[in-house]
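Note sheet for the following structure.
The values are calculated or read from the model by the stated rules, or taken from the named source; none is laboratory data. Predicted model, so just to flag it, every value in this text is computed and none were measured. No Cβ is skipped: glycine too gets one built from the backbone with ideal geometry, and neighbour counts run over all protein chains shown.
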């Protein structure tokens, strides 16, 4: 299943920043995200993301 822009917006809106890759993976698993997207999150750099814009740019680069 591919995540739509609206789904990403909803996902990103529920996060507190800064957020790490581990936080993202845990959040996605707790909220019933797809396995395909979980792999995308696990492939992100291990750095912290300070804003939704920064995280979205990293996600777009992985897509």
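Quick notes
- Of the residues contained in the stretch 25-43, one or more are found to be farther than 15 Å from residue 11 by Cα and in contact with a helix residue (DSSP H, G or I) (Cβ under 9 Å, 6 or more places away or on another chain).
- The stretch 53-63, residues that are under 18 Å from residue 13 (Cβ atoms), modelled with pLDDT under 85 and in contact with a helix residue (DSSP H, G or I) (Cβ under 8 Å, 6 or more places away or on another chain): 56, 59
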